[in-house]
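S.K.: Handing you a structure now.
None of the figures in this text is laboratory data; all of them are computed from the coordinates on show. Predicted, not measured: the structure shown is a model, and the values here were computed from it. Cβ placement follows ideal geometry from the backbone for every residue including glycine, while neighbour counts extend to all protein chains displayed.
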Amino acid sequence: MRTSLKATLLAVGLLLPLSACQQERAETAPPPPVAITADAIGHYCGMNLADHPGPKGQILVGGRDRPVWLSSVRDTFAFTMLPEETKDVRAIYVTDVGKAADPRKPDLSVWIEARKAWYVVGSRQRGGMGEAEPFPFANEADAQRFAAGNGGTVKRFAEVKEDEILYPQTPQEQTASDEPAAHNGEHGGEQGRGHGAGHGSGHGVKP
């Protein structure tokens, strides 16, 4: 009888920490992505998500039952960078464009955790709002293939810089920014410096 009681107490002692650990994991696990509904409105543009092509984003924050919907991946990054937005972020999801034949028409039911995705930044492809877009991929190989065909650089979430999101350059601007170096060698330093200074003062400078 005494042996049975000891075994029971030992089992209870082992199970209690396990139960507490499982409860802690359940409480800290990120909430799953939410399916886009017909009334999903972009946080910044104030328009229905269905009105724009391209990948989308959703951010789940504390104190809200519904996600913050973002009409583009660029807007999703911006939400995490702007100081006025909440920092109580529980999960960030973006559309995986890796299997899409057209990156402007991805399957909007396929979500990936944004901080685990690979991004092609600075490609020739435009986002749903007609602006520069960091295209997200669940698989690095898919991101590398996209960059090979469309230009751009493959980065992880934490490697994407604020200037690339808040003050992105178009491919034409990126090409123009490379011209001073070439002109400098052909036509002298003064012309190159003048073009570079004018370009720099007009783009990428925070107000």
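S.K.: Which ³J(HN,Hα) values, rounded to whole Hz and listed in residue order, are derived for the range 75-92 from phi using the Karplus coefficients 6.51, -1.76 and 1.60 in 6.51 cos²θ - 1.76 cosθ + 1.60 with θ = phi - 60°, glycine and proline given as x?
M.R.: Values, residue by residue: 4, 5, 4, 4, 4, 6, 9, 6, x, 7, 8, 4, 9, 7, 8, 8, 6, 10 Hz.
S.K.: In what sequence, highest mean first, do 121-130, 87-96, 140-149, 154-163 appear when ranked by Cβ atoms within 10 angstrom?
M.R.: 87-96, 121-130, 140-149, 154-163
S.K.: Still on this model: Principal axis lengths of the range 50-95 from Cα atoms, whole Å, largest first?
M.R.: If we take the Cα atoms of the range 50-95, the spans are 28, 22, 15 Å.
S.K.: Quick one: 3J(HN,Hα) in Hz for the range 46-59, Karplus 6.51/-1.76/1.60 with θ = phi - 60°, rounded, Gly and Pro as x.
M.R.: Using θ = phi - 60°, the values come out as x, 10, 5, 4, 5, 7, 10, x, x, x, 10, x, 9, 10 Hz.
S.K.: Right, another one. On the first, second and third principal axes, largest extent first, how far apart are the outermost C-alpha atoms of the range 49-166 in Å?
M.R.: 42, 27, 24
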